[in-house]
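Right, one structure below, let's go through it.
Nothing in this text is a laboratory measurement; each read-out follows from the coordinates by a stated rule. These numbers were taken from a predicted model, which means no experiment stands behind them. Note that each Cβ is placed from the backbone with ideal geometry, even for glycine, and that neighbours are counted across all protein chains shown.
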Amino acid sequence: MSPADFHSYEPRAGHGLAHDPFNSIVGPRPIGWVSTRSGEGHDNLAPYSFFNAFNYVPPIIGFSSAGWKDSIANLHENGVFAWHLATRPLAEAMNASAAMVPRDVDEFALAGLTAVPCDLIPASRVAESPVCFECKVTQIIQLRTAEGDPVTSWLTLGEVVKVHIARALLRDGIYDTLAGQPILRGGGPLDYFEINAAGKFEMRRPG
């Protein structure tokens with residue numbers, strides 16, 4: 001393709017489109033459905049669309065928050081969080097937990113979810129979610145521009161110290177990704193995706 005076949009732009013100068021394509025291109029993305037607890041004991045539950053795994057052994061996951069939100073304040077206070085698999089049956093509840101409410105409002109109750117205690121960390125987990133990672137924070141990093149200027153976004157990384165998996169998602173000792181019905185975040189204000197068997201293909205990495 002020639003340069004004329006591309007829409008090219010520098011993000012700082014604007015994209016020139018009806019909607020910023022960045023979130024749509026880097027996606028669909030797994031959802032960081034994260035629960036935390038404040039120093040006063042208030043549970044918080046919120047979804048983050050910038051989430052992923054970053055290390056295998058030990059398992060480390062992370063999510064980025066645009067702004068110093070309740071989750072980050074809680075993490076700064078007690079250093080733990082729980083991640084939950086957002087599934088198609090739980091999509092509406094996950095979305096309800098994204099509501100902007102005062103810090104002392106319990107998003108578990110707001111979304112009609114059941115809070116149960118985690119085993120190793122002082123936080124609650126979503127009983128309805130088929131997968132949960134209990135995590136201890138390893139780093140909270142304020143992001144910066146290429147020039148080194150701070151950005152009002154914080155990346156939190158945490159080591160997974162306990163894993164809960166619904167037995168129905170284990171087939172002959174192998175986790176069945178499709179059976180978990182995970183939902184993924186796309187671009188724009190509305191787009192989500194779910195996976196299905198038709199979208200699966202296999203490819204072995206070169207030795």
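When residues in the stretch 16-41 are screened for being in contact with a helix residue (DSSP H, G or I) (Cβ under 8 Å, 6 or more places away or on another chain), surrounded by 13 or more Cβ atoms within 10 Å (Cβ to Cβ) and not in a strand (DSSP E or B), 2 of them pass.
Residue-by-condition table, conditions (1) within 30 Å of A179 (Cα to Cα); (2) over 13 Å from the mean Cα position of the chain (by Cα); (3) not polar (S, T, N, Q):
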| position | (1), (2), (3) |
| --- | --- |
| L45 | yes, no, yes |
| A53 | yes, no, yes |
| Y56 | yes, yes, yes |
| I61 | yes, no, yes |
| H76 | no, yes, yes |
| V80 | yes, yes, yes |
| E92 | yes, yes, yes |
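Going by the structure shown, is F63 within 23 Å of L190 (Cα to Cα), surrounded by 13 or more Cβ atoms within 10 Å (Cβ to Cβ), in contact (Cβ under 8 Å) with a residue 40 or more places away in the chain and among the aromatic types (F, W, Y)?
Details: within 23 Å of L190 (Cα to Cα): yes; surrounded by 13 or more Cβ atoms within 10 Å (Cβ to Cβ): yes; in contact (Cβ under 8 Å) with a residue 40 or more places away in the chain: yes; among the aromatic types (F, W, Y): yes.
Yes; evaluated as a whole, the condition is true for this residue.
Taking (1) in a loop (DSSP other than H, G, I, E, B); (2) crowded, with 16+ Cβ neighbours inside 10 Å in turn, M1 satisfies each apart from (2).
Can you tell me how many residues in the stretch 45-97 are assigned to a helix (DSSP H, G or I) and farther than 23 Å from Q142 by Cβ?
Here is the first cut: in the stretch 45-97, the residues assigned to a helix (DSSP H, G or I) are 70-78, 88-96.
From what is left, the residues that are farther than 23 Å from Q142 by Cβ are 88-96.
So the count comes out to 9.
Among the residues making up the stretch 115-155, those that are in contact with a strand residue (DSSP E or B) (Cβ under 7 Å, 6 or more places away or on another chain), small (G, A, S) and in a loop (DSSP other than H, G, I, E, B) are A123, A127, S129. Out of all the residues in the stretch 8-23, is one or more touching a Leu at 6+ places or on another chain (Cβ under 8 Å), touching a residue at least 12 places away in the same chain (Cβ under 8 Å) and either of a type in the set (V, I, T) or within 23 Å of A91 (Cα to Cα) (or both)? No, there is no match, as no residue in the stretch 8-23 is touching a Leu at 6+ places or on another chain (Cβ under 8 Å), touching a residue at least 12 places away in the same chain (Cβ under 8 Å) and either of a type in the set (V, I, T) or within 23 Å of A91 (Cα to Cα) (or both).
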